[in-house]
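The values are calculated or read from the model by the stated rules, or taken from the named source; none is laboratory data. All of these numbers come straight from a predicted model, not from anything done at the bench. Counting neighbours? That spans all protein chains shown, and the Cβs are built from the backbone with ideal geometry, glycine included. Protein only, heavy atoms only, side chains kept; ligands, DNA and RNA dropped before computing areas. Shrake-Rupley method; radii C 1.70, N 1.55, O 1.52, S 1.80 Å.
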Amino acid sequence: MSSAQETILELRQVTKRYQTRGNILGRGKKEVLALNRISLQVRAGEIFGLVGESGSGKTTAGRLIVGLEKPDEGGIFLNGQDIVGLQGKALRRYRRQVQMVFQDPYQSFNPQVSIMDSVGEPLLTQGVAKGVEREQMVLAALKEAGLSPAESYAFRFPHQLSGGQRQRVAIARAMILEPSLLVADEPTSMLDASYSAQIFDLLLGVRGRLGATVLFITHSLASARYLCDRVAVIYRGNLMEIGPAQEVIRNPRHPYTQALLDATPKFGRCEDIPRFNTLLRAERPAADSGVGCGFFRRCGLAQRARCSMEAPEFRAMGEGHLCACHYAEPGPAQADQGGECHLGA
Amino acid sequence: MNQQAAMDLRQARRSLWRERLAEDWRVFRRNPLGRIGLTLLIMFGLMAVCSYIPPMINPMYNPMTGVDPHIMASTGPSARHWLGTDFMGRDIFAQLLAGARVAFMVGVSAAFMAVVLGTALGMTAGYMGGLTDTLLMRAADMIMVMPTLLVVLMLAALFGQLNIWTIVLMIALFRWPGVSRVVRAQTLSLKQRPFIDAARVAGASHPRIIFRHIMPNVLPLAFLYMTFRVTSAIVIEAALAFLGFGDPGTVSWGMMLQWVWKTGHMFQAMYWLLPPGLCISLITLSFYMLGRAMDEVLDPRLRDETSAG
Ligand SMILES: Nc1ncnc2c1ncn2[C@@H]1O[C@H](COP(=O)(O)OP(=O)(O)OP(=O)(O)O)[C@@H](O)[C@H]1O
Ligand SMILES: [Mg+2]
């Protein structure tokens, strides 16, 4: 596929800060750096994974991309066009191309609006279809999302559906305009494992059938490996490592990615996968404000002299595999044992 | 695609709402307060509807202008006048029925206006935030601390006799702040909920978010407040009328009480004093009970929706 090389979405030096509110006197007011100069490119037609632990800024990235919030610095480009600060009509037009599935299926539906009207809302607001035509399109979308008979789901309220069903409905709502980019924010983090696999297959189907690009946000290396073509690993708003999913997960170069892999339960024949032990048990005192590596405080390999003073640059570890660590080296390719060792959730 | 399918869909949509209503009704019916309140209200409703009948039977039963030609003073109950007559020979029962009509008219329309105003302003303040919010809420505070009855009394003293609709309007204007505070608080919390973000991503404009997504979630609360507002509107109108500032062209229960008092029958004619007094107490009580019962219908639903959905 030649189109697979085209960039559909680009984040350029994106920074987002949040002001946490202190008490009445303004004491305890702190600034959280949710995203720190993140740059990455997502190619058309791929499933791109954004991996990180809780609080690493994944949802923030998703919200910036669909235009729910504005970055403090940097640019976000869809097909080469800067989308930061779009408003009104332009923003609405943009949302025909970019949609989102939210993390919590219990909170992302209006309890007073039927499934039919929730899923059909984009059709109305975008002036695509109304009346009977709209209802038929909604039913078709629900069927595509694996809810059949669709008629029996369409005329219910959200609280009459299970979490997994709601997440299917959320995918139907997001895909009803056939957007070119779907941001899926941990669509399975609130569901149990058996349901996750079905949602994953639905996402694979979305990409296969409609050729949509998917930005898949997750905290789990296992699901990233199952779904993604490429992944980016972020830690507290800092991009750590980016590359082809198989390569990054089987052969992680960054101590943080290595720590994530250590923490992932494995089963099957996994003796060949080493433990990296790169995570400090206790955090070290912070490096001097802002400079230095974002992972310094928890990194087992860090050297104070260098890592607390100098931010690491991205360096190539292999074909399209970049890593931001002073001490990462392009390691030997792992023996091909991936088929037998499985990662758990 | 075809006619049949479209029909089925319409039907399915209708049955969806029917089910929801049926469920609410079941919860409501289990509540004894609600049952009593509703029964009483239906009785008062019947009274209001029946108020048109006596004047049709005989013009002397007209509550305002009908005078029994044979009676010159207040008389007790008889076959001809079930509850007796007032000081100039007007039928008290006919007046009582007419009073029910006025009570509903005043109570419901004043409450409705107050709630519409309060909901609109509360949602606007909560959704827009910033300066709009501050200005609206300061205005609400100022109005809220004014004693409604006193202010209306002063206005009545200034402008002379007030028309019944003027009274309704003034009650509405003084009674929206309470509603708007509650609606604003609810709007503030709704605004933060993820489904609002989802609606924005679905392309919903601000008006659409307010009316399609926030309003259905505050309306039940607004309706609940409406029942309490009805109570206060009826009481205020009755008090005004009793104090002699009512609309002289209407027969309200407060007006009847004023006539009893002004003509010196306060403790001489129980058949005249008690019925309007009881009616005022019972109708306010029944709206209050209705509100409490609705509160209970609403509460589990609100609870469901905020926790598990
Ligand atoms: N509206 C906000 N106000 C203040 N701080 C915020 C806000 N939203 C996010 N943050 C902070 O920004 C950081 C990143 O949050 P974000 O929700 O993007 O994390 P996440 O990677 O999605 O985590 P999770 O896996 O738990 O969903 C966190 O430290 C969070 O506390
Ligand atoms: Mg998140």
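Looking at this structure, is B:ILE214 surrounded by fewer than 22 Cβ atoms within 10 Å (Cβ to Cβ), within 12 Å of chain A (Cβ to nearest Cβ) and aliphatic (A, V, I, L, M)?
For B:ILE214, the condition - surrounded by fewer than 22 Cβ atoms within 10 Å (Cβ to Cβ), within 12 Å of chain A (Cβ to nearest Cβ) and aliphatic (A, V, I, L, M) - is not met.
Looking only at residues in region A:34-52 that are open to solvent by 40 Å² or more (accessible area, probe 1.4 Å) and within 15 Å of the chain's Cα centre (by Cα), which one is farthest from ligand 1 (Cβ to nearest atom)?
Checked region A:34-52; the qualifying residue farthest from ligand 1 (Cβ to nearest atom) is A:ARG43.
Could you count how many residues in region A:202-257 are within 16 Å of ligand 1 (Cβ to nearest atom) and under 30 Å from A:GLU144 (Cα atoms)?
12
B:GLY203 fails exactly one of the following numbered conditions: (1) touching a Lys or Arg at 6+ places or on another chain (Cβ under 6 Å); (2) assigned to a helix (DSSP H, G or I). What is the number of that condition?
(2)
List pairs: first residue in region B:185-209 and within 14 Å of A:LEU124 (Cα to Cα), second residue surrounded by 21 or more Cβ atoms within 10 Å (Cβ to Cβ) and among the small types (Gly, Ala, Ser) anywhere in the structure, Cβ distance under 7 angstrom, at least six positions apart or on different chains.
Note: pairs meeting the criteria are B:ILE209/B:ALA199.
List the number of the failed condition for A:PHE109; all other conditions in (1) outside any helix (DSSP H, G or I); (2) of a type outside the set (A, V, I, L, M); (3) more than 7 Å from chain B (Cβ to nearest Cβ) hold.
Unmet for A:PHE109, out of (1) outside any helix (DSSP H, G or I); (2) of a type outside the set (A, V, I, L, M); (3) more than 7 Å from chain B (Cβ to nearest Cβ): (3).
On the basis of being among the small types (Gly, Ala, Ser), touching a strand residue (DSSP E or B) at 6+ places or on another chain (Cβ under 9 Å) and away from ligand 2 (no atom under 16 Å from the Cβ), does A:ALA212 make the cut?
Yes; evaluated as a whole, the condition is true for this residue.
Among residues belonging to region A:144-178 that are more than 10 Å from chain B (Cβ to nearest Cβ) and touching a strand residue (DSSP E or B) at 6+ places or on another chain (Cβ under 9 Å), point out the one that is nearest to ligand 1 (Cβ to nearest atom).
Selected residue: A:GLN167.
Output the number of residues of region A:218-269 satisfying the condition of being among the charged types (D, E, K, R), modelled with pLDDT of 95 or more and either within 16 Å of ligand 2 (Cβ to nearest atom) or open to solvent by less than 10 Å² (accessible area, probe 1.4 Å) (or both).
Total satisfying the criteria: 1.
Restricting to region A:179-194, give me the number of residues that are at pLDDT 90 or above and more than 16 Å from ligand 1 (Cβ to nearest atom).
4
If you scan region A:139-189, which residues turn out to be β-branched (Val, Ile, Thr), part of a loop (DSSP other than H, G, I, E, B) and under 11 Å from A:VAL119 (Cα atoms)?
A:ILE176
So which residues in region A:60-85 are surrounded by fewer than 20 Cβ atoms within 10 Å (Cβ to Cβ) and either within 16 Å of ligand 2 (Cβ to nearest atom) or farther than 19 Å from A:LEU40 by Cα (or both), if there are any at all?
A:LEU68, A:GLU69, A:GLY85
Among the residues of region A:112-143, write down those that are at the interface with chain B (Cβ under 9 Å from one of its Cβ atoms) and in contact with a Ser or Thr (Cβ under 8 Å, 6 or more places away or on another chain).
Matches in region A:112-143: A:THR125 only.
If only one of A:GLU31, A:GLU10 is surrounded by 14 or more Cβ atoms within 10 Å (Cβ to Cβ), of a type in the set (Asp, Glu) and touching a strand residue (DSSP E or B) at 6+ places or on another chain (Cβ under 7 Å), which one is it?
Step by step, each of A:GLU31, A:GLU10 is checked, and only A:GLU10 is surrounded by 14 or more Cβ atoms within 10 Å (Cβ to Cβ), of a type in the set (Asp, Glu) and touching a strand residue (DSSP E or B) at 6+ places or on another chain (Cβ under 7 Å).
So, A:ALA197, is that one more than 9 Å from every other protein chain (Cβ to nearest Cβ), without any contact (Cβ under 8 Å) to a residue 12 or more places away in the chain, within 23 Å of A:PHE48 (Cβ to Cβ) and of a type in the set (A, V, I, L, M, F, W, C) or not?
Yes, satisfied.
Only one of B:MET64, B:MET7 is among the aliphatic types (A, V, I, L, M) and surrounded by fewer than 13 Cβ atoms within 10 Å (Cβ to Cβ); which?
Testing whether each residue is among the aliphatic types (A, V, I, L, M) and surrounded by fewer than 13 Cβ atoms within 10 Å (Cβ to Cβ) leaves just B:MET7.
For A:PRO274, are the conditions met, namely being within 14 Å of chain B (Cβ to nearest Cβ) and either of a type outside the set (Asp, Glu) or within 16 Å of ligand 1 (Cβ to nearest atom) (or both)?
In short, no.
Matching residues to (1) over 15 Å from A:VAL132 (Cβ atoms); (2) open to solvent by 80 Å² or more (accessible area, probe 1.4 Å); (3) more than 9 Å from chain A (Cβ to nearest Cβ); (4) not β-branched (Val, Ile, Thr):
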site: B:GLN11; (1), (2), (3), (4): no, yes, yes, yes
site: B:LEU16; (1), (2), (3), (4): yes, no, no, yes
site: B:ALA22; (1), (2), (3), (4): yes, no, yes, yes
site: B:TRP25; (1), (2), (3), (4): yes, yes, yes, yes
site: B:ARG29; (1), (2), (3), (4): yes, yes, yes, yes
site: B:ARG35; (1), (2), (3), (4): yes, yes, yes, yes
site: B:MET47; (1), (2), (3), (4): yes, no, yes, yes
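Looking at region A:269-280, can you tell me whether even one residue there is under 30 Å from A:ARG168 (Cβ atoms) and touching a strand residue (DSSP E or B) at 6+ places or on another chain (Cβ under 9 Å)?
No, region A:269-280 has no match at all.
In the set A:GLY55, A:GLY88, which member is at positive phi, within 13 Å of ligand 1 (Cβ to nearest atom) and open to solvent by 20 Å² or more (accessible area, probe 1.4 Å)?
Of the residues listed, the single one that is at positive phi, within 13 Å of ligand 1 (Cβ to nearest atom) and open to solvent by 20 Å² or more (accessible area, probe 1.4 Å) is A:GLY55.
When you go through B:ALA198, B:ALA156 one by one, which is the residue that is in contact with a helix residue (DSSP H, G or I) (Cβ under 8 Å, 6 or more places away or on another chain), away from chain A (no Cβ under 14 Å) and either on the phi < 0 side of the Ramachandran plot or surrounded by fewer than 19 Cβ atoms within 10 Å (Cβ to Cβ) (or both)?
Result: B:ALA156 is the single residue among B:ALA198, B:ALA156 that is in contact with a helix residue (DSSP H, G or I) (Cβ under 8 Å, 6 or more places away or on another chain), away from chain A (no Cβ under 14 Å) and either on the phi < 0 side of the Ramachandran plot or surrounded by fewer than 19 Cβ atoms within 10 Å (Cβ to Cβ) (or both).
From (1) free of Cβ contacts under 8 Å to residues at least 12 places away in the same chain; (2) more than 14 Å from chain A (Cβ to nearest Cβ), pick out the condition that doesn't hold for B:PRO177.
If we test B:PRO177 against (1) free of Cβ contacts under 8 Å to residues at least 12 places away in the same chain; (2) more than 14 Å from chain A (Cβ to nearest Cβ), just (1) comes out false.
Looking only at region A:120-138, decide whether some residue is within 16 Å of ligand 1 (Cβ to nearest atom) and outside any loop (DSSP other than H, G, I, E, B).
Taking every residue of region A:120-138 in turn, none turns out to be within 16 Å of ligand 1 (Cβ to nearest atom) and outside any loop (DSSP other than H, G, I, E, B).
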